[in-house]
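J.: This is the structure I want to talk about, given as structure tokens.
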């Protein structure tokens, strides 16, 4: 479909339930931007299809189609939306912009990237289960340390990490922590306890009261408390894995 300009601009979000596209769905809902969705059916590896790879050559979810072309990489999409709609982040002239950016990129480049290692160790070690287990054991202390660093920032309640108004960074962290509590299903997840990061826990609880989260819950088959008491999704279409 053709894209219109101005306030009538409509985005298209390529998503799979309870994937990184959830972060972008929440951002779009918070912004109030009109959008439509296109399911990327992971049951048939649609993310590796020629049509999808033409949008994102890495074959990762999500992609957001915009009037300026398709965007991929979760952090990049969030920052583009925040700047385009002047919400969810400090503006470029705001003195808080630098702090926001460094922690957004920390979350995207360090926390999220290392969480992928926990979820998909075979991509880094090969098929040997012992090597995969060793990698998972080695990465979890790092993940715990990253969360403590973010909790220290949340304790200061900056405008970009405050329960009063969610930022792009809040949305990002909340979804990552949801997945830490749930995935991978076959692995030991005792390393993660939400109460170990009480300031982040407060952020997540506040976020669960937002209309954006209620809408996402319905769309992706999530439970009413998807961040502080998550359970596996029951999506109306598609599959998380």
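Derivation of every value follows stated rules applied to the coordinates shown; laboratory data play no part. Because the structure is predicted, anything quoted here is derived from the model rather than measured. Counting neighbours? That spans all protein chains shown, and the Cβs are built from the backbone with ideal geometry, glycine included.
J.: Could you list 60, 78, 222 in order of exposure, starting from the residue whose Cβ has the fewest other Cβ atoms within 10 Å?
T.: 60, 222, 78
J.: If you don't mind, another one. What does the helix-only formula give at 222 nm for the chain: each DSSP H stretch with n ≥ 4 adding -39500 (n - 2.57), the total divided by the residues, and the result rounded to the nearest 500 deg cm²/dmol? Provide the component values of the computation, followed by the final result.
T.: Working: 10 runs with 112 residues, N = 241.
Here the helix-only value at 222 nm equals -14000 deg cm²/dmol.
J.: Suppose each label sits 7 Å from its Cα in the direction of the beta carbon; what would the residue 237-residue 49 distance come out to in nanometres?
T.: Result: 1.2 nm between the two label points.
J.: Please compute, for the alpha-carbon atoms of the chain, the extent along each of the three principal axes and give them in descending order in Å.
T.: Result, largest extent first: 53, 45, 31 Å.
J.: Let me ask another. Give, in nm to one decimal, the length gained when the segment between residue 193 and residue 110 is fully stretched (0.36 nm per residue of separation minus the Cα-Cα distance).
T.: 27.9 nm
J.: Counting pairs of alpha carbon atoms under 8 Å apart in space and at least six apart in sequence, what relative contact order in percent does segment 97-210 give?
T.: The value is 27 percent.
J.: For the chain, modelled as a Gaussian network with Cα springs under 10 Å, which listed residue fluctuates most, 72, 119, 100?
T.: Looking only at 72, 119, 100, the biggest GNM fluctuation is shown by 119.
J.: Moving on to the next point. Who wins for biggest fluctuation among 181, 96, 16 in a Gaussian network model of the chain, springs between alpha carbons below 10 Å?
T.: The residue with the greatest mean-square fluctuation here is 96.
J.: Also: State the three equivalent ellipsoid semi-axes of segment 10-81, derived from the C-alpha gyration tensor as the square roots of 5 times its eigenvalues, in descending order and whole Å.
T.: Values: eigenvalues 71, 33, 22 Å².
Here the semi-axes work out to 19, 13, 10 Å.
J.: As an exercise, use a Förster radius of 25 Å and the Cβ-Cβ distance of residue 152 and residue 91 to find the FRET efficiency, rounded to the nearest 0.05. Mind showing how you got there, number by number?
T.: Values: r = 25 Å, r/R0 = 0.99.
Working from the Cβ atoms, E equals 0.50.
J.: On to the next question. Of 116, 25, 178, how do they rank once you tally other Cβ atoms within 10 Å and put the fewest first?
T.: Ranking 116, 25, 178 by Cβ neighbours within 10 Å, fewest first, gives 116, 178, 25.
J.: Mind telling me which of 124, 183, 52 comes out most flexible in a GNM of the chain, alpha-carbon contacts under 10 Å?
T.: Maximum fluctuation in the GNM of the chain, among the listed residues, is at 124.
J.: Separate question: Restricted to Cα positions, what overall size does segment 97-210 have along the principal axes? Three whole-Å values, descending.
T.: Ordered largest first, segment 97-210 gives principal extents of 46, 27, 21 Å.
J.: Okay, next question. Roughly what % of DSSP beta bridges within the chain run antiparallel, to the nearest 5?
T.: Around 60 percent antiparallel, to the nearest 5.
J.: In Å, what Rg and Dmax follow from the Cα atoms of segment 37-136?
T.: Looking at segment 37-136, its Cα Rg and Dmax stand at 16.9, 50 Å.
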